[in-house]
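In what follows, a structure is listed as structure tokens, so that the remarks can point back to it.
The values are calculated or read from the model by the stated rules, or taken from the named source; none is laboratory data. All values derive from a computational prediction rather than experimental measurement. FYI the Cβ positions are ideal-geometry reconstructions off the backbone, even for glycines, and counts take in every protein chain you see.
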Amino acid sequence: MRDDQLYKINPNNVGKCIIINQKLYYKKGLNSRLGTDLDCSRLEETFTMLGYEVDVLNHVIYSKMAGKLKKVADEIEEHCSSLVVCILAHGQKGATNIQIKNCILIIKKFADVIICPDGTEYPIEKIKEIFDATKCRYLLQKPKIFFIQACQGDEKLAGK
């Protein structure tokens, strides 16, 4: 691989890591996510060890989500080498809603979403857009990595 095909990582500023940890849910039907704090602390330890500046955002309701993430994006400086966003939350797979209104068939396609503690769905695509290089110029041609840990249905995985 040629040097011009590699990302340039500054060892003095590997980058920024944002962890959104949605543990407590107060909307009926959504259980609190027990065990998420352990996952969150392990992520925080790992990315700190790798040299990232880590910010943990706990229990971010829908009305505050965009503002908090935009603030993080606005604070990213030129010498930041990369961005990692980890989201630990309930989620929902993309869905299709079909309605008939005034004899017209309306089909709406919804993106994959995370569910905020108040039960409001927040599209993952909107989160990615906040850190798009057109809006966050210091991330132009720098790696942006998103880890989403969110259930997307009722199936349970066997495990310990």
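In table form, for the structure just shown:
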quantity: Hits in the stretch 1-13 (condition: surrounded by fewer than 13 Cβ atoms within 10 Å (Cβ to Cβ) and in a loop (DSSP other than H, G, I, E, B)); calculated: M1, R2, L6, Y7, K8, P11, N12
quantity: From K8, K28, K71, K16, residue being under 19 Å from P123 (Cα atoms) and of a type in the set (D, E, K, R); calculated: K71
quantity: Where a residue in the stretch 1-18 is within 21 Å of I76 (Cβ to Cβ) and modelled with pLDDT of 85 or more and its partner, wherever it lies, is β-branched (V, I, T) and in a loop (DSSP other than H, G, I, E, B), with Cβ under 9 Å and at least six apart; calculated: G15/I9; G15/I76; K16/I76
quantity: Close pairs from the stretch 54-67: first at pLDDT below 90, partner polar (S, T, N, Q), Cβ under 6 Å, at least 6 apart; calculated: Y62/T120
quantity: Scan of the stretch 119-131 for residues that are assigned to a loop (DSSP other than H, G, I, E, B) and at pLDDT 90 or above, ordered by number; calculated: F131
quantity: Odd one out for Q92, checked against (1) touching a Phe, Trp or Tyr at 6+ places or on another chain (Cβ under 9 Å); (2) modelled with pLDDT of 85 or more; (3) under 19 Å from K27 (Cα atoms); calculated: (2)
quantity: Candidate set: the stretch 96-118, residues that are touching a strand residue (DSSP E or B) at 6+ places or on another chain (Cβ under 9 Å) and not in a strand (DSSP E or B); chosen: the one modelled with the lowest pLDDT; calculated: F110
quantity: When residues of the stretch 14-42 are limited to those that are hydroxyl-bearing (S, T, Y) and under 16 Å from C116 (Cβ atoms), the one surrounded by the fewest Cβ atoms within 10 Å (Cβ to Cβ); calculated: Y26
quantity: Flag if K16 is under 24 Å from L139 (Cβ atoms), in contact with a Leu (Cβ under 7 Å, 6 or more places away or on another chain) and among the basic types (K, R); calculated: yes
quantity: Among (1) surrounded by 11 or more Cβ atoms within 10 Å (Cβ to Cβ); (2) touching a strand residue (DSSP E or B) at 6+ places or on another chain (Cβ under 9 Å); (3) at pLDDT below 95; (4) within 20 Å of Y122 (Cβ to Cβ) - the single one I76 does not satisfy; calculated: (4)
